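**Student:** Sharing a structure here in structure tokens format.
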Amino acid sequence: MRDFVLIYVNGQRYELRGAQVFQPLSTFLRSGLQLTGTKVVCAEGDCGSCTVFLGRPKSGTLQYRTVCACIQYLYQLDACHIVTVEGLCADGKLNPIQESMVRCQGSQCGYCTPGFIVSMQALFETDTVMTEQRLRRGLVGNLCRCTGYEPIFRAGMEVETKNLHRLDEMYNAAGPLAELARCADEPVRLAADGKNFFKPTSLADAAKFKSEHADCMVISGGTDLGVQMNKGLREPKTIMSATALNLTDLQVSADQIIAGAGVSIADLESAAAAVLPEYARFLAWFGSPPIKNAGTLGGNIANASPIGDSMPALFVLNAQIELVGLNGPRLININDFYIGYKKTAAAPDELISRITLPLPKHGELFKLYKVSKRKDLDISTFSAAIWMKLDGPTISVVRIAYGGVGPKIMRMPQTEAHLIGGKFSQEIFDSAAQAAVAEITPISDVRGSAEYRQLLAANILRKFYSEVAAPSNGDHKVPAGKNGNGWPRRGRQMD
Ligand SMILES: Cc1cc2nc3c(=O)[nH]c(=O)nc-3n(C[C@H](O)[C@H](O)[C@H](O)COP(=O)(O)OP(=O)(O)OC[C@H]3O[C@@H](n4cnc5c(N)ncnc54)[C@H](O)[C@@H]3O)c2cc1C
Ligand code: FES
Ligand code: FES
């Protein structure tokens with residue numbers, strides 16, 4: 001069992017021991033290594049100024065993804081290669097993206113600049129042909145407070161790619177890769193400053209550790225927990241990382257998706273694109289690329305937020321959650337998984353290991369909706385999933401799940417009963433809208449008033465009807481109603 005965390009930063013090897021392991025990556029980079037190109041502004045994953053590359057060994061290579069360094073803790077990063085903005089320029093010379101930023105005057109105060117550069121590099125890693133659409137989607141999550149978006153955008157479009165190198169060309173992976181791949185499968189155990197950390201490599205060891213430590217906090221991508229820790233809402237003493245539990249398997253077939261709990265939201269979105277495009281379209285509005293690269297499906301489900309975005313779809317498609325504890329695995333339908341506000345039916349020794357998502361069959365209707373104060377990088381005020389089967393003009397079966405209208409994601413049995421057996425018509429959806437309002441118990445909070453959520457719960461059914469009755473390719477904006485109440489946002493934590 002190793003008693004240190006091993007990471008590489010810009011090709012340099014570091015063995016980390018003691019209290020420093022419990023620091024955020026951004027603190028280590030800036031204060032420990034003086035790599036101050038990585039900035040920290042929001043410290044909650046929301047602005048992108050701390051964006052860095054995280055390379056993990058996968059299939060004989062290092063797979064690099066962007067993450068927010070402010071909400072990644074060093075203990076999560078055992079056996080990783082971090083590349084910062086400083087690591088993108090060889091021999092101290094600016095790389096073509098950095099040159100383009102200078103040429104196009106894409107930097108004013110400069111706080112956002114490194115994050116934009118790292119995110120642009122991520123786009124060029126997969127394709128050197130840049131389009132406006134790719135650039136816009138790839139830069140979601142990078143904010144510029146000086147509002148210099150136009151020159152930044154121009155810089156991204158005008159990069160001279162002939163001299164641009166991918167990370168695997170800049171860093172000869174051969175040396176670090178072998179060591180990182182070996183270390184990825186090694187358990188780590190360390191303690192310092194009254195804190196305990198364990199990285200198990202089997203579910204049996206993880207369940208045992210969890211059962212022996214009542215205060216154990218399991219961490220996967222850390223995109224919920226990192227924010228809570230940074231904001232002082234949580235100070236865990238016992239931490240267990242799920243990164244070495246082999247939970248990243250993703251199997252896609254014609255009738256189901258089976259995803260390990262550690263599958264990232266980004267990988268789930270890509271997999272869904274082929275077999276469940278409605279889910280992929282919906283997940284496109286989940287967080288930002290760095291958040292989706294780190295955040296996992298299992299973390300979203302276990303977090304048990306009534307506004308978690310992955311879940312409404314899982315409810316109406318009757319997904320099965322596999323839990324593993326001391327007695328081995330068991331299955332539970334996600335509809336039975338939540339027992340109250342942020343409470344699940346998982347026993348203290350259990351972890352989520354994987355999720356089986358049955359796919360809708362030909363002819364079945366399936367639609368997802370997310371309403372938030374802004375379209376990109378915002379947490380839902382309200383969300384909905386509707387699955388329906390018609391027998392001619394008659395609604396034969398329907399399943400509806402709403403998020404943001406009660407203490408947990410809610411199935412809507414009375415509204416469903418109201419629709420079943422009825423004729424697919426404007427009238428029945430109008431009356432179902434009233435049934436839905438009677439069935440929910442929304443509260444007013446920073447994201448919207450109770451009345452606004454009631455209006456959404458009603459109008460989403462009318463929207464579903466109008467989209468199915470007269471399909472168009474328009475975007476899924478809920479019909480205008482009384483808007484939220486203009487309260488300020490209260491930060492990023494998912495409540
Ligand atoms: C800027 C920002 C934007 C975001 N946008 C969205 C959004 O649009 N929609 C949305 O739904 N969420 C959003 N989130 C929240 C977060 O990214 C998701 O909930 C994510 O899926 C959490 O996954 P994770 O692996 O990071 O979880 P972690 O933070 O690692 O853990 C979350 C919870 O799950 C538990 N857990 C993790 N893995 C397991 C497991 N295998 N078994 C049992 N318990 C486990 C942890 O103990 C913890 O309680 C956002 C967060 C940030 C910071
Ligand atoms: S500092 Fe804003 S995302 Fe990390
Ligand atoms: S240049 Fe100042 S925040 Fe973007």
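The values are calculated or read from the model by the stated rules, or taken from the named source; none is laboratory data. None of these values were measured; they are calculated from a predicted model. Backbone-built Cβ (ideal geometry, glycine too); neighbour counts: all protein chains shown.
Residue-by-condition table, conditions (1) in contact (Cβ under 8 Å) with a residue 12 or more places away in the chain; (2) crowded, with 18+ Cβ neighbours inside 10 Å; (3) within 15 Å of ligand 1 (Cβ to nearest atom); (4) assigned to a strand (DSSP E or B):
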{"residue": "Val21", "(1), (2), (3), (4)": "yes, yes, no, no"}
{"residue": "Gly37", "(1), (2), (3), (4)": "yes, yes, no, no"}
{"residue": "Leu54", "(1), (2), (3), (4)": "yes, yes, yes, yes"}
{"residue": "His81", "(1), (2), (3), (4)": "yes, yes, no, yes"}
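**Student:** Check Cys109, Cys47, Cys70 and return the single one that is within 16 Å of ligand 1 (Cβ to nearest atom), part of a loop (DSSP other than H, G, I, E, B) and under 28 Å from Asp378 (Cβ atoms).
**Tutor:** Working: Cys109 fails: within 16 Å of ligand 1 (Cβ to nearest atom); Cys70 fails: part of a loop (DSSP other than H, G, I, E, B).
Answer to the check: Cys47.
**Student:** So which of Val159, Val140 is touching a residue at least 40 places away in the same chain (Cβ under 8 Å) and within 16 Å of ligand 1 (Cβ to nearest atom)? Even if it seems obvious, please write down each step before you answer.
**Tutor:** On the way: Val159 fails: within 16 Å of ligand 1 (Cβ to nearest atom).
Checking each option against the conditions leaves just Val140.
**Student:** Can you tell which of Gly194, Gly175, Gly221 is in contact (Cβ under 8 Å) with a residue 24 or more places away in the chain and surrounded by fewer than 16 Cβ atoms within 10 Å (Cβ to Cβ)? Full working, then the answer.
**Tutor:** Working: Gly175 fails: in contact (Cβ under 8 Å) with a residue 24 or more places away in the chain; Gly221 fails: surrounded by fewer than 16 Cβ atoms within 10 Å (Cβ to Cβ).
None of the others qualify; the one that does is Gly194.
**Student:** Kindly indicate whether Tyr341 is under 23 Å from the mean Cα position of the chain (by Cα), surrounded by 13 or more Cβ atoms within 10 Å (Cβ to Cβ) and not small (Gly, Ala, Ser). Lay out the reasoning, then the answer.
**Tutor:** Numbers: under 23 Å from the mean Cα position of the chain (by Cα): yes; surrounded by 13 or more Cβ atoms within 10 Å (Cβ to Cβ): no; not small (Gly, Ala, Ser): yes.
Considered against the rule, which asks whether it is under 23 Å from the mean Cα position of the chain (by Cα), surrounded by 13 or more Cβ atoms within 10 Å (Cβ to Cβ) and not small (Gly, Ala, Ser), Tyr341 comes out as no.
**Student:** In addition: Return yes when Met101 is within 16 Å of ligand 3 (Cβ to nearest atom) and farther than 17 Å from Tyr8 by Cα and no when it is not.
**Tutor:** Yes: the conditions hold for Met101.
**Student:** Still on this structure, I have one more. Output the helices (runs of 4 or more DSSP H) that fall wholly within the stretch 154-233 and possess 2 or more residues being within 27 Å of the chain's Cα centre (by Cα) and under 18 Å from Gly299 (Cα atoms), or say none.
**Tutor:** Values: elements: 167-170, 174-184, 203-212, 225-230.
Hits in the stretch 154-233: 203-212, 225-230.
**Student:** Something else now. Among the listed residues Glu427, Glu416, identify the single one that is surrounded by fewer than 20 Cβ atoms within 10 Å (Cβ to Cβ), free of Cβ contacts under 8 Å to residues at least 60 places away in the same chain and in a helix (DSSP H, G or I).
**Tutor:** The unique qualifying residue is Glu427.
**Student:** Let me ask you something else. If you go through the stretch 272-301, how many residues are surrounded by fewer than 21 Cβ atoms within 10 Å (Cβ to Cβ) and either among the charged types (D, E, K, R) or not in a loop (DSSP other than H, G, I, E, B) (or both)?
**Tutor:** Just the residues of the stretch 272-301 that are surrounded by fewer than 21 Cβ atoms within 10 Å (Cβ to Cβ), to begin with: 273-275, 277-278, 280-281, 284-285.
From what is left, the residues that are either among the charged types (D, E, K, R) or not in a loop (DSSP other than H, G, I, E, B) (or both) are 273-275, 277-278, 280-281.
Qualifying residue count, the stretch 272-301: 7.
**Student:** Also, quick follow-up: Of Tyr64, Tyr8, Tyr75, which residue is more than 25 Å from Leu123 (Cα to Cα) and either away from ligand 2 (no atom under 16 Å from the Cβ) or in a strand (DSSP E or B) (or both)? Step through it out loud before you land on a result.
**Tutor:** Numbers: Tyr64 fails: more than 25 Å from Leu123 (Cα to Cα); Tyr8 fails: more than 25 Å from Leu123 (Cα to Cα).
The unique qualifying residue is Tyr75.
**Student:** How about the stretch 112-149: which of its residues are more than 16 Å from Leu164 (Cβ to Cβ), assigned to a helix (DSSP H, G or I) and within 12 Å of ligand 3 (Cβ to nearest atom)? Spell out how you get there, then give the answer.
**Tutor:** Residues of the stretch 112-149 more than 16 Å from Leu164 (Cβ to Cβ): 112-115, 131-133, 136-137, 139-149.
From what is left, the residues that are assigned to a helix (DSSP H, G or I) are 113-115, 132-133, 136-137, 149.
Thr113, Pro114, Gly115, Tyr149, listed by residue number.
**Student:** Right, another one. Report, by residue number, each residue of the stretch 188-245 that is out of contact with any Asp or Glu (no Cβ under 8 Å at 6 or more places or on another chain) and among the hydroxyl-bearing types (Ser, Thr, Tyr).
**Tutor:** Residues satisfying the conditions are Ser202, Ser220, Thr223.
**Student:** Okay, next question. Looking only at the stretch 111-136, how many residues end up being out of contact with any Lys or Arg (no Cβ under 7 Å at 6 or more places or on another chain) and away from ligand 2 (no atom under 15 Å from the Cβ)?
**Tutor:** 14
**Student:** When you scan the stretch 356-379, how many residues do you find that are crowded, with 21+ Cβ neighbours inside 10 Å and out of contact with any Ser or Thr (no Cβ under 9 Å at 6 or more places or on another chain)?
**Tutor:** 1
**Student:** Conditions: (1) in the same structural domain as Ala19 (by TED's automatic domain parsing); (2) more than 28 Å from Tyr369 (Cβ to Cβ); (3) of a type outside the set (Phe, Trp, Tyr). Gly221 meets all but one. Number of the miss?
**Tutor:** (2)
**Student:** Still on this structure, I have one more. Return the total of residues in the stretch 33-61 being small (Gly, Ala, Ser), touching a Leu at 6+ places or on another chain (Cβ under 7 Å) and either within 16 Å of ligand 2 (Cβ to nearest atom) or at positive phi (or both). Explain how you work it out, then say what you get.
**Tutor:** Here is the first cut: in the stretch 33-61, the ones small (Gly, Ala, Ser) are 37, 43, 45, 48-49, 55, 59-60.
Now drop any that are not touching a Leu at 6+ places or on another chain (Cβ under 7 Å), which leaves 48, 55.
The next check asks that each one be either within 16 Å of ligand 2 (Cβ to nearest atom) or at positive phi (or both); those that pass are 48.
So the count comes out to 1.
**Student:** Tell me which strands (runs of 3 or more DSSP E) are completely within the stretch 322-378 and hold 1 or more residues being touching a Leu at 6+ places or on another chain (Cβ under 7 Å), or say none if there are none.
**Tutor:** Counting at least 1 such residues, we get 328-333, 351-358, 365-371.
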